[in-house]
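Asks: Below are the structure tokens for one structure; questions will follow.
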Amino acid sequence: MNTTSFLLLRLAIGASMFGHGLVRLPKLSGFSNWMVTSFEKSILSAAIVKPFSYTLPLAEFAIGLLLILGLFTRPALIAGSIVMIMLILGTTLIENWDALTSQFIHVAFFAILLHYAASNTCALDNALLKK
């Protein structure tokens, strides 16, 4: 993969994660209440869903920012994949099949970028490693 392609894909998935977190942070309580309500009929209890619902926007925001900056890129890609896998599990538990496509696309982006991480030349990671 060439470096420009890698950069564009990294910025795209970073912007998606960053945007998801950014819009949820100001309305964190409302987002949490929505998520807990969404899982009321699932096998997951509110005791599990509520902490996750408060952590998710922070994780999305942080992972997105790191990817946009190209800082700790490999760990951010792995963390993003883990977040999406947890979301996929939750999505299947509430049978929200429409959301799966977007989540699988995110995982594919993370996996492709992780596979071609050597192409990550336009990143803060490289500036820090040169010191």
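Each reported figure results from applying straightforward, stated rules to the coordinates on display, with no laboratory input. Predicted, not measured: the structure shown is a model, and the values here were computed from it. FYI the Cβ positions are ideal-geometry reconstructions off the backbone, even for glycines, and counts take in every protein chain you see.
Asks: Report, in degrees rounded to the nearest 10, the 0 to 90 angle that the Cα long axis of helix 3-24 makes with the longest principal axis of the chain.
Replies: Result, in degrees: 30.
Asks: Can you tell me the 0 to 90 degree angle between the C-alpha axis of helix 73-93 and the longest principal axis of the chain, rounded to 10?
Replies: 20 degrees
Asks: What distance in nm separates the two pseudo spin-label positions at L11 and L44, each 7 Å out from Cα along the beta-carbon direction?
Replies: Taking the simple label geometry, L11 and L44 are separated by 3.3 nm.
Asks: Taking 30 Å as R0, compute the FRET efficiency from the Cβ-Cβ separation of A118 and L25 and round it to 0.05.
Replies: 0.35
Asks: Only sites in a loop by DSSP and with at most 12 other Cβ atoms within 10 Å count here; which trypsin sites (Lys or Arg not before Pro) in segment 1-84 make the cut?
Replies: Loop-located and lightly packed - K41.
Asks: With 10 angstrom as the radius, rank D98, D125 by how many other C-beta atoms surround their C-beta, starting from the fewest.
Replies: The order, fewest Cβ neighbours first, is D98, D125.
Asks: Okay, moving on. Which value in deg cm²/dmol, rounded to the nearest 500, describes the helix-derived mean residue ellipticity at 222 nm for the chain, given -39,500 (n - 2.57) per DSSP H run of n ≥ 4 and division by the residue count?
Replies: Using -39500 (n - 2.57) per qualifying helix, the result is -26500 deg cm²/dmol.
Asks: Something else now. Calculate the length of the line joining the C-alpha centroid of segment 82-131 to that of segment 1-59, in whole Å.
Replies: With segment 82-131 and segment 1-59 each reduced to a Cα centre, they are spaced 12 Å.
Asks: Please get the size of the charge dipole for segment 3-129, origin at its Cα centre, with Cβ charges of +1 on Lys and Arg and -1 on Asp and Glu, quoted in debye to the nearest 20.
Replies: 160 debye
Asks: For the Cα atoms of the chain, what angle does the longest principal axis make with the long axis of helix 46-69, in degrees from 0 to 90, nearest 10?
Replies: 20 degrees
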